[in-house]
Amino acid sequence: MADVRTHERQVKAALRKASLAEPFFASRYSFSPYMACGHGCAYCDGRAERYWVEGEFDRDIVVRTNIADRLDHDLSRVRERAPVSVGSGISDAYQPAEARCGLMRQAAEVLLRHRFPASVLTKSSLVCRDLDLWHEVNAAGGFTLSISLAFADDETRRIFEPGASTVEDRVAALRAFKAAGCGIGVYAMPLLPWITDTPEGLAGLLDLCRGVGADFVIPGGLTLRPGRQKDFFLERLRTAFPNLVPRYRELYGEDRKSGSCRPDYGRELSARFARAVEAAGLATQIPHRLYRDRLPLYDELYVLLCHMVEIYEGRGTETDRLRAALARYRSWLFERKRTFNRRRSETQEALEDELRGDFASGRIDGLLDNPKLACFLGEVAIGRRVFDYVSLKLT
Ligand code: SF4
């Protein structure tokens, strides 16, 4: 990889706050110490024009030097305790610049001091440098390490992710965090059509995930937004797999703004992956047990409902009633949070107690318009039972 040029910036705020929990990471807050990424993955979404990243994407790295200080400031002002996730589509917090800058180590110290739960998604084994701190964060509030890995062979990594850690090192990082008692998972994305999304490719990846004791494996397809991102990827494809270029041009020929491929291919891949993960006895979402005591109760139920829709759909079950209940719960929660945000004296605990009261009184049945689901959620909210994403049973 070429040497990177770092560009130092001071930020006013570090923490991005979502009004509803983010089901993908089971978190409410996030931050990013860098912009752009020295890992230089050929498919990286960060190259797309919509992100306004200036310079050469994998060489000109913006370093937010005061991120830990601002994080400390922002965390001392939030009213709801919820996980902070680190890992965005346009930079990796443990990219090569981090070895010199050490911003993540400072940020981990801040999260530990505030006893906030956290999660990191990375393609780098550099995260192991901070295992001592993340271990303490886990004991204080909870920590999950997620590794982005969509194939089991390192030759593919050399072609498409030249600056990221080897497959072997990423697997070693997962093992180390598992041994330290942290939750671990794999974001298997992007799966590359006819290269890594083959039955053999998926089987090799899932064997690896099972072998390391992953708590979850979340799949994702390749998106190619028209413009810089798509052009860059197709050029890399042309050098490594020239025979596939016409097939990719056809698959992504509609040039959708989102960068997604032909819908029929995406649907078939999702269903195939869900079946393979289920057969391997793995969860396709962050398991309930890894977020239930970290999110506020009202957010926990929201994430659980979102995950249930995905899981049941992946298994081919009809989900219209579940979706309708989720929509009602989402709009209730959205409105209730608006009031919560206006009433500065109201606390997270009071809002959680109000929700428990709604279960005890039966008011939740009216809200969800689904008595069976209300009863199920009551077991979670009041009985504090855990929904197992593999067996689909309460434990
Ligand atoms: S690690 Fe993530 S952010 Fe960095 S280049 Fe690869 S895909 Fe982009």
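The values are calculated or read from the model by the stated rules, or taken from the named source; none is laboratory data. All figures in this text were calculated on a predicted structure; none of them were measured in a lab. Positions of Cβ are generated from backbone atoms using ideal geometry, with glycine treated the same way; all protein chains shown enter the neighbour counts.
Could you check residue 188 against (1) in contact with a helix residue (DSSP H, G or I) (Cβ under 7 Å, 6 or more places away or on another chain); (2) farther than 29 Å from residue 293 by Cβ; (3) within 16 Å of the ligand (Cβ to nearest atom); (4) not in a helix (DSSP H, G or I) and say which number it fails?
Here residue 188 meets the rest and fails (2).
Provide a single number: the residues in region 355-371 that are under 21 Å from residue 327 (Cβ atoms), of a type in the set (Gly, Ala, Ser) and in a helix (DSSP H, G or I).
Pass one, region 355-371, residues under 21 Å from residue 327 (Cβ atoms): 355, 358-359, 362-371.
Those still in the list that are of a type in the set (Gly, Ala, Ser) too: 362, 366.
Next, from what is left, pick out any that are in a helix (DSSP H, G or I): 366.
Residues that pass the stated criteria total 1.
Can you find even one residue in region 128-136 that is more than 28 Å from residue 113 (Cβ to Cβ) and not in a loop (DSSP other than H, G, I, E, B)?
no
So which of 13, 21, 93 ends up being in contact (Cβ under 8 Å) with a residue 40 or more places away in the chain, crowded, with 19+ Cβ neighbours inside 10 Å and either in a helix (DSSP H, G or I) or away from the ligand (no atom under 11 Å from the Cβ) (or both)?
From the options 13, 21, 93, the qualifying one is 21.
Within region 149-157, does at least one residue satisfy the condition of being surrounded by fewer than 24 Cβ atoms within 10 Å (Cβ to Cβ), more than 16 Å from the ligand (Cβ to nearest atom), not small (Gly, Ala, Ser) and not in a helix (DSSP H, G or I)?
yes
State all residues of region 282-298 that are outside any loop (DSSP other than H, G, I, E, B) and either more than 27 Å from residue 270 (Cβ to Cβ) or not basic (Lys, Arg) (or both); if no residue qualifies, say none.
The answer is 288, 290, 297, 298.
Just to verify a result, which residue in region 40-57, among those that are within 7 Å of the ligand (Cβ to nearest atom) and surrounded by 23 or more Cβ atoms within 10 Å (Cβ to Cβ), is farthest from residue 234 (Cα to Cα)?
It comes out as 40.
Taking region 98-124 only, how many residues are in a helix (DSSP H, G or I) and either within 15 Å of the ligand (Cβ to nearest atom) or more than 27 Å from residue 61 (Cα to Cα) (or both)?
5
Report yes if some residue within region 125-135 is within 16 Å of the ligand (Cβ to nearest atom) and touching a Lys or Arg at 6+ places or on another chain (Cβ under 7 Å); otherwise report no.
Scanning region 125-135, I find at least one residue that is within 16 Å of the ligand (Cβ to nearest atom) and touching a Lys or Arg at 6+ places or on another chain (Cβ under 7 Å), so the answer is yes.
For region 293-310, state whether one or more residues are modelled with pLDDT of 95 or more, assigned by TED's automatic domain parsing to the domain that holds residue 333, touching a Lys or Arg at 6+ places or on another chain (Cβ under 8 Å) and β-branched (Val, Ile, Thr).
Yes, region 293-310 contains a residue that is modelled with pLDDT of 95 or more, assigned by TED's automatic domain parsing to the domain that holds residue 333, touching a Lys or Arg at 6+ places or on another chain (Cβ under 8 Å) and β-branched (Val, Ile, Thr).
Just checking, which of 224, 234, 269, 244 is aliphatic (A, V, I, L, M) and outside any helix (DSSP H, G or I)?
Residue meeting the stated conditions: 224.
Checking residue 12 against (1) modelled with pLDDT of 95 or more; (2) within 22 Å of the chain's Cα centre (by Cα), which test does it fail?
Every condition holds for residue 12 apart from (2).
Using beta carbons and a limit of 6 Å, which pairs, at least six apart or on different chains, have the first residue in region 174-200 and closer than 17 Å to residue 142 by Cβ and of a type in the set (Lys, Arg) and the second one modelled with pLDDT of 95 or more and assigned to a loop (DSSP other than H, G, I, E, B)?
Close Cβ pairs satisfying both conditions: 178/213.
Among the candidates 61, 67, single out the residue that is within 15 Å of the ligand (Cβ to nearest atom), over 17 Å from residue 296 (Cα atoms) and of a type in the set (A, V, I, L, M, F, W, C).
None of the other options fit; the residue is 61.
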